[in-house]
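> Would you mind keeping the following structure in view while I ask a few things?
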Amino acid sequence: AKSAGGNRFEHADAEADARAITRHGLTTSLPAALERGEFFIEYQPLVHLADGTVHGAEALVRWSHPTHGVLSPDRFIPLAEHTGLIVPLGRWVLEQSVLQARAWQEELAAGTFAGPVRINVNLSPAQLHHPGLVADTVEVLERIGLPPGSLCLEVTESALIGADEDLLKPLRQLAEMGVDIALDDFGTGYSNLANLRRLPVSVLKLDRSFTQGMQQHPADPVDLKIVEGIVSLAHGLELGVTVEGVETGAQAEHLRRLGCDTAQGWYYARPGPPEMLHTLSMADAV
Ligand code: C2E
Ligand code: CA
Ligand code: CA
Ligand code: CA
């Protein structure tokens, strides 16, 4: 038998090979996967921290791969970005999400759902650079009949660092129509805070790393101070604050006291099928 060390080395090596093969295999099968309908969307609720009622949901894409099983977006979104498939894939995610939000709103009108339901959709930098973004989004909203104010597009802070007016223009046009723009993973991109004023965003979505510091007892006092500062800055600029990665009631309580507006995380619900949001929302109502 070989030493444990040798085994570990060989194992790591084999794993790296497997990863490279997988990466190649996944890349070549991405376009076919879209045609075969192998992607699906899970929805994770966003709740109001003040009273726990449902505010909306974030659409999170998954790939039901015929041999690898369900793949998380971290496995294939970078590949889709690299190959350009992110544009048609992103358009598909937007359309499905808008259809779902519209269905929820119809249930709301029928009294079988306690909304209001808004939908958050992630946008990759490549989609931001694609000239059809505004026209595609308007077309989907109009055809399906969802008010622009019910849609929030999430763009990462890092995608907008150093963004010039050409890149911001489509976002500005969407914002003028009433679409909300959220700055995702906020606090990880080292952006110039003064820069926030010229971005057409209406929501800061605090990165999970901030909520993590509130999981320990007592909560990390520095994290508390930082979040307190971000909330006061955001509210001063009339921006909403959403927090993600809330896993415990203690975290939720800290974030509520610090004045954050909405929250998302396993404490409330894991991402799941659209019916899950329905159940959660009706539970609020009773
Ligand atoms: P993100 O936009 O920051 O999404 C939040 C991630 O945190 C999701 O991972 C979600 O499942 C996870 N999460 C939610 N609550 C908790 C919690 O309480 N604890 C922990 N540890 N994690 C939690 P997911 O679904 O694997 O998505 C990963 C990333 O993939 C997303 O990060 C987003 O950047 C990207 N992504 C997902 N769907 C899409 C899409 O349709 N288009 C694009 N362009 N990117 C997407
Ligand atoms: Ca997001
Ligand atoms: Ca995020
Ligand atoms: Ca993230």
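> Just to verify a number: FRET efficiency for Ser158 and Ala110, C-beta to C-beta distance, R0 = 41 Å, to 0.05?
0.50
> Once you place label points 7 Å from the Cα toward the Cβ at Ser72 and Ala194, how far apart are they in nm?
Here the modelled spin labels are 3.8 nm apart.
> What does the extension gain come out to for Ile226 and Glu247, with contour length at 0.36 nm per residue minus their alpha carbon separation?
5.6 nm
> Can you list, largest first and rounded to whole Å, the semi-axes you get for the range 123-273 by taking the square root of 5 times each eigenvalue of its Cα gyration tensor?
Semi-axes, largest first: 29, 18, 13 Å.
> Given springs between every Cα pair under 10 Å in a Gaussian network model of the chain, which of Val70, Val155, Val179 has the largest fluctuation?
Among Val70, Val155, Val179, the largest GNM mean-square fluctuation belongs to Val70.
> Using θ = phi - 60° and the Karplus relation 6.51 cos²θ - 1.76 cosθ + 1.60, list the HN-Hα couplings for the range 235-249 in order, rounded to whole Hz, with x at every Gly or Pro.
My calculation for the range 235-249 gives 5, x, 9, 6, 10, x, 10, 10, 10, 10, x, 7, 10, 10, x Hz in order.
> Using the alpha carbons of the range 126-205, what is the convex hull volume per residue in cubic angstrom, as a whole number?
About 84 Å³ per residue, rounded to a whole number.
> If you restrict to DSSP beta bridges whose two residues both lie in the range 39-163, what percentage is antiparallel, to the nearest 5?
Once the DSSP bridges in the range 39-163 are tallied, antiparallel ones form about 55 percent.
> What is the projected area of the convex hull of the Cα atoms of the chain, averaged over all directions, in nm²?
18.4
> A further question on this structure: Given a 1.4 Å probe, how much area per residue of the chain is accessible, in Å²?
On a per-residue basis, 49 Å².
> In a Gaussian network model over the chain where Cα atoms closer than 10 Å are linked, find which of His217, His82, His254 has the largest mean-square fluctuation.
It is His217.
> Can you pull the Kirkwood radius for the range 154-241, inverse mean 1/r over Cα pairs, to one decimal in Å?
Computed over the range 154-241, the radius equals 13.7 Å.
> Carbon and sulfur: what percent of the range 37-104's accessible surface (1.4 Å probe)?
With neighbouring chains kept in place, the figure for the range 37-104 is 53 percent.
> Determine ³J(HN,Hα), in whole Hz, for all residues of the range 64-77 in sequence, where each value follows from phi through the Karplus function 6.51 cos²θ - 1.76 cosθ + 1.60 and θ = phi - 60°; x replaces Gly and Pro.
So the J values, rounded to whole Hz, are 8, 7, x, 10, 8, x, 6, 9, 7, x, 4, 7, 10, 4.
> Moving on. Name the longest site-free stretch of the chain, where the excluded sites are chymotrypsin sites (Phe, Trp or Tyr not before Pro) in a DSSP loop with no more than 13 other beta-carbon atoms within 10 Å.
The answer is 1-189.
The values are calculated or read from the model by the stated rules, or taken from the named source; none is laboratory data. Computed from a predicted model, the values in this text were never measured in an experiment. Reconstructed Cβ throughout: ideal geometry from the backbone, glycine too, with neighbour counts over all protein chains shown. Remember, those area values only see protein heavy atoms, side chains included, never the ligands or the DNA or RNA. Shrake-Rupley method; radii C 1.70, N 1.55, O 1.52, S 1.80 Å.
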